[in-house]
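Reviewing the structure listed below.
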Amino acid sequence: MSMNDSNKLSVRDLDLFYGEKQALMKINMDIKSNKVTALIGPSGCGKSTFLRTLNRMNDLIEGVKIEGIVKVDGEDIYKNNDVIKLRTKIGMVFQKPNLFPMSIYDNVAYGPRVHGIKDKKTLDKIVEESLKGAAIWDEVKDRLKSPALGLSGGQQQRVCIARTIAMKPDVILMDEPTSALDPISTAKVEDLISELKKDYTIVIVTHNMQQAARISDETGFFLNGELIEYNNTKDIFTIPSDKRTEDYITGRFG
Ligand SMILES: Nc1ncnc2c1ncn2[C@@H]1O[C@H](COP(=O)(O)OP(=O)(O)O)[C@@H](O)[C@H]1O
Ligand SMILES: [Mg+2]
């Protein structure tokens, strides 16, 4: 093990432009393995854009230019063109649950099937383990063949997490995963995130500062495309070193 094994991702001098407009400016950030890292900041400050640079989701957007380095396990993801493999290793959960109009089972088995797994016993095992891992198994085990879109929003979001887990990623990126959920579902997903960090590295965008304080180990504060401050969550919320961070967390803007 090298000294840097505790960093899963490292970002160096990352700039991102949408056409002429610069959305990320010289971001430097190391993201630790098996921790929850929260990205906070006001709307439009670049949180989602930054999250998407970590698994090259911005590649899909026309006119995007990216400069700088993003390494996962020491490997530069923009130099290696196996984007499919990258997205298997770095899964993503979106703001709104985005299950397919098919059964719960088929949603979770979808990725493994695309990757060529056909054996029913193997798929059954992956589906069960993934749903258990996402703390939704007990609620759906008797209706795996029912339409996934018949579940509540909070249940759907946990099935989305199960679908991500089924690909056995190392890292799970989450972009405001609870913003469309009621408080009870939000609490369930927050509990789940705290469980998941035993096995995964999690990076979560949230505009909810209380959520960041509750569930994250590290927090980065973004403003106007810059990473203003990045530190362990307790320090960010108790002794922020930058005046702008302090103004934001005390609710003076945002
Ligand atoms: N696809 C896009 N094309 C052009 N500009 C974009 C695109 N996506 C986001 N932006 C702009 O980039 C900035 C950062 O947006 P975003 O990353 O979505 O912020 P946040 O997630 O913090 O709300 C905003 O000014 C936004 O308007
Ligand atoms: Mg966003």
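Looking only at residues in segment 191-212 that are surrounded by fewer than 18 Cβ atoms within 10 Å (Cβ to Cβ) and more than 16 Å from ligand 1 (Cβ to nearest atom), which one is nearest to Glu246 (Cα to Cα)? Residue satisfying both the conditions and the ranking: Gln210.
Could you list, in sequence order, the residues of segment 171-220 that are in contact with a Phe, Trp or Tyr (Cβ under 7 Å, 6 or more places away or on another chain) and among the small types (Gly, Ala, Ser)? Across segment 171-220, the qualifying residues are Ala213, Gly220. Answer with yes or no whether Lys79 is within 16 Å of ligand 1 (Cβ to nearest atom) and not in a helix (DSSP H, G or I). No; evaluated as a whole, the condition is false for this residue. Each residue in segment 3-22 was checked for being within 16 Å of ligand 2 (Cβ to nearest atom) and of a type in the set (D, E, K, R), and 1 of them qualify. Tallying residues that are more than 9 Å from ligand 1 (Cβ to nearest atom) and open to solvent by 60 Å² or more (accessible area, probe 1.4 Å) within segment 52-67 yields 4.
Candidates in segment 229-242 are the residues that are of a type outside the set (Asp, Glu) and in contact with a Ser or Thr (Cβ under 6 Å, 6 or more places away or on another chain); of these, the one that is nearest to Ser10 (Cα to Cα) is Thr233. Would you pick out the residues in segment 30-57 that are aliphatic (A, V, I, L, M) and within 20 Å of Arg87 (Cβ to Cβ)? Hits for segment 30-57 are Ile31, Leu39, Leu51, Leu54, Met57.
Within segment 236-254, the set of residues being outside any loop (DSSP other than H, G, I, E, B) and surrounded by 14 or more Cβ atoms within 10 Å (Cβ to Cβ) comprises Ile236, Phe237, Arg244, Thr245, Glu246, Asp247, Tyr248, Ile249.
Scanning segment 23-40 for residues that are open to solvent by less than 20 Å² (accessible area, probe 1.4 Å) and closer than 19 Å to Ile193 by Cβ, we see that the one that is nearest to ligand 2 (Cβ to nearest atom) is Leu39.
For the structure I just gave you, tell me whether Ile215 is aliphatic (A, V, I, L, M), touching an Asp or Glu at 6+ places or on another chain (Cβ under 9 Å) and away from ligand 1 (no atom under 13 Å from the Cβ). Spelling it out, Ile215 is indeed aliphatic (A, V, I, L, M), touching an Asp or Glu at 6+ places or on another chain (Cβ under 9 Å) and away from ligand 1 (no atom under 13 Å from the Cβ). Can you tell me which residue is nearest to ligand 1 (Cβ to nearest atom) among those in segment 82-105 that are of a type in the set (A, V, I, L, M, F, W, C) and in contact (Cβ under 8 Å) with a residue 40 or more places away in the chain? Going through the qualifying residues, I end up with Phe94. Contact map, segment 47-72: residues that are under 15 Å from Val203 (Cα atoms) and small (Gly, Ala, Ser) paired with residues that are near ligand 1 (Cβ under 9 Å from one of its atoms) and open to solvent by 10 Å² or more (accessible area, probe 1.4 Å), Cβ distance under 7 Å, separation 6+ or inter-chain. Pairs shown: Ser48/Asp175. From Thr233, Thr164, grab the single residue that is more than 16 Å from ligand 1 (Cβ to nearest atom), more than 27 Å from Pro112 (Cα to Cα) and not aromatic (Phe, Trp, Tyr). Residue meeting the stated conditions: Thr233.
Scanning segment 156-175 for residues that are of a type outside the set (A, V, I, L, M) and either surrounded by fewer than 20 Cβ atoms within 10 Å (Cβ to Cβ) or assigned to a loop (DSSP other than H, G, I, E, B) (or both) gives Lys168, Pro169, Asp170.
For segment 68-122, a residue qualifies if it is exposed (fewer than 14 other Cβ atoms within 10 Å of the Cβ) and among the hydroxyl-bearing types (Ser, Thr, Tyr), and exactly one does: Thr122.
Residue pairs whose Cβ atoms lie under 9 Å apart, sitting 6 or more positions apart in sequence or on different chains, and linking a residue in segment 136-150 that is assigned to a helix (DSSP H, G or I) to a partner that is aliphatic (A, V, I, L, M) and open to solvent by 40 Å² or more (accessible area, probe 1.4 Å), are Ala148/Met102; Leu149/Met102. Among the residues of segment 34-51, the one identified as more than 8 Å from ligand 1 (Cβ to nearest atom) and basic (Lys, Arg) is Lys35.
The values are calculated or read from the model by the stated rules, or taken from the named source; none is laboratory data. These numbers come from a predicted model, not from an experiment. Positions of Cβ are backbone-derived with ideal geometry, glycine not excepted, and every protein chain shown enters the neighbour counts. Quick note on the areas: whole protein, heavy atoms, side chains included, nothing else; ligands and nucleic acids left out. Shrake-Rupley method; radii C 1.70, N 1.55, O 1.52, S 1.80 Å.
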